[in-house]
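Worksheet: one structure, shown below.
The values are calculated or read from the model by the stated rules, or taken from the named source; none is laboratory data. The structure displayed is predicted, hence computed values, not measured ones. Glycine also receives a Cβ, built like all others from the backbone with ideal geometry; neighbour counts cover every protein chain displayed. For accessibility, only protein heavy atoms count, side chains too; no ligands or nucleic acids. Shrake-Rupley method; radii C 1.70, N 1.55, O 1.52, S 1.80 Å.
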Amino acid sequence: MEKLPRSLILRATPFFFLLLLSLIYTVEIGSHVPSNIWTKNNATGGANHLEVKASLPQIMKRLVKGYSQTQLEATGFACHSDVHTKVCVSNKPVTIDTGTMKVYAPLSQAMAHQANRTISPYPRREDKTAMELVSSVHILRGKIHPPPACDCTHDVPAVVFSSGGFTGDIFHEFNEVIIPLFLTSRHFQSRLRFIVTDFKPQFIAKFSKVLSHLSSYELINPAANGSVHCFPGVVVGLHYHDNLAIKATDVPKGYSMLDFKQFLRDSYNLKIRDLSRMKRPVLVLISRPKPRMFLNQNQMVTMMTLLGFRVVLAKPDMMANVDKFAKVLNLCSVLVGAHDAALTTEIFLPEGAVMVQVVGLGLEWASATYYGGPAAEMGLNYIEYKIEPEESSLISVYGRDDPVITNPESIASKGYTVGRSVYFEGQNFNISIARFRKTLVQALGLLGRSA
């Protein structure tokens, strides 16, 4: 066969070299990744780009701070603790008996002074009521407590968390499980396995799309799988920042609330990121039964329609299906609701949308703390509609001059239970249509529209 000219070979060499690299890269990404290697992709859509592969110790190091990082590097085990949560990590192999929820951690000479640990893996340590509904996980030192033999050996680390606590309420589900789970496990880019204590099938089914996007592996229910599992590392507990919040400065690689929202869009296959493609504005009105219901809801809907909105009434049965309701809210320009856990779903609104919270008497602090403040971090516009005493049903019960109306702080000072029974559980609203119309005209202005 005739030889190719040397000049042609030289010109062709770079092309074949690049082709070879491309083939190697494709095979590597598409094949099984070794257990101590993780590759970050751009799934969050935020500031996180494809990065150099990180080892398990490097990823675990992101989950502790300060001296705990030094301790983790020296011993392979460290814990982070604050008022809300406690998180312990091991970047060395561990044995977990799911029947007793005992974690047998490795013991090095440098760990000789460390005691066994007991953790309730739910980020609400300050709330005794919640923590009574959370089971403990015991971390034992390996050489002092020899681990049992492994029934199953895994090549990815485990993250242990509880679906107990206050789950069943959508605010607490996002605030204390889903967002903390993202904060803690997103670093592993789905190469991890969840062990869920206090297993609630309803919660797991409700958030199956989120869980499957955080982990590529079937989760473990200790109550149904009381066997011994061996992992290359473990995280016990979940990180927590604040109410419906992610503080980007506290997360290595810069995760933010906008990254979390993009993650939700990916998980639920939501197409709308902002409102630029929306033609007629859609207003979703959260329609709740007593308490805190809108007594003149039909009049409100008529006024909203006349302003040019396509109005969607979101009733409890609609909101119960998170998968479907997320798609409704992804097309929403304005979300309107009285202070209630249902406002947690503002998290599904496209960026630039408006959230209008109707703030009842005595509910100012709770409204701002739980939903108003977080809205800005989600890229939303936020408006409060503070009702006048005449718009509250409390005025007909107590009279215009009662401290319940004139001095809500004095009622709150009697304790949470008293304040809750009056303002959360005993109040409905008869909204002034003229006043509320002005609020919605303001919302239209924030959307760049006119009434």
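Observations
- Selection within region 216-240 - under 30 Å from P374 (Cα atoms) and buried (at least 21 other Cβ atoms within 10 Å of the Cβ): V235, V236, G237, L238, H239, Y240
Results for (1) open to solvent by 60 Å² or more (accessible area, probe 1.4 Å); (2) at pLDDT below 95; (3) hydroxyl-bearing (S, T, Y), shown as yes or no for each residue.
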{"site": "A115", "(1), (2), (3)": "yes, yes, no"}
{"site": "Y122", "(1), (2), (3)": "no, no, yes"}
{"site": "L133", "(1), (2), (3)": "yes, no, no"}
{"site": "L140", "(1), (2), (3)": "no, yes, no"}
{"site": "K143", "(1), (2), (3)": "yes, yes, no"}
{"site": "D151", "(1), (2), (3)": "yes, no, no"}
{"site": "H154", "(1), (2), (3)": "no, no, no"}
{"site": "V160", "(1), (2), (3)": "no, no, no"}
{"site": "F166", "(1), (2), (3)": "no, no, no"}
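- Search result, residues across region 260-294 that are out of contact with any helix residue (DSSP H, G or I) (no Cβ under 8 Å at 6 or more places or on another chain) and surrounded by 14 or more Cβ atoms within 10 Å (Cβ to Cβ): Q262, L275, M278, V282, M293
- Of all the residues in region 327-344, those that are crowded, with 23+ Cβ neighbours inside 10 Å and within 10 Å of Y371 (Cα to Cα) number 2.
- Residue selected from region 385-403 under the condition in contact (Cβ under 8 Å) with a residue 24 or more places away in the chain and among the aliphatic types (A, V, I, L, M), by the criterion most open to solvent (accessible area, probe 1.4 Å): V397
- Within region 368-403, tally of residues that are more than 35 Å from the chain's Cα centre (by Cα), outside any helix (DSSP H, G or I) and over 20 Å from R292 (Cβ atoms): 3
- Of residues in region 296-326 being out of contact with any strand residue (DSSP E or B) (no Cβ under 8 Å at 6 or more places or on another chain) and over 28 Å from V177 (Cα atoms), the one most open to solvent (accessible area, probe 1.4 Å): L306
- The combined condition, being surrounded by fewer than 21 Cβ atoms within 10 Å (Cβ to Cβ), among the charged types (D, E, K, R) and in contact with a strand residue (DSSP E or B) (Cβ under 7 Å, 6 or more places away or on another chain), is not fulfilled by D127.
- Residue that is most open to solvent (accessible area, probe 1.4 Å) [pool: residues in region 404-440 that are among the small types (G, A, S) and not in a helix (DSSP H, G or I)]: S413
- Selection within region 54-91 - among the hydroxyl-bearing types (S, T, Y), closer than 16 Å to V156 by Cα and either open to solvent by less than 20 Å² (accessible area, probe 1.4 Å) or touching a residue at least 40 places away in the same chain (Cβ under 8 Å) (or both): S90
- Residue check for K315: at pLDDT below 95 and either over 21 Å from M257 (Cα atoms) or over 26 Å from the mean Cα position of the chain (by Cα) (or both): no
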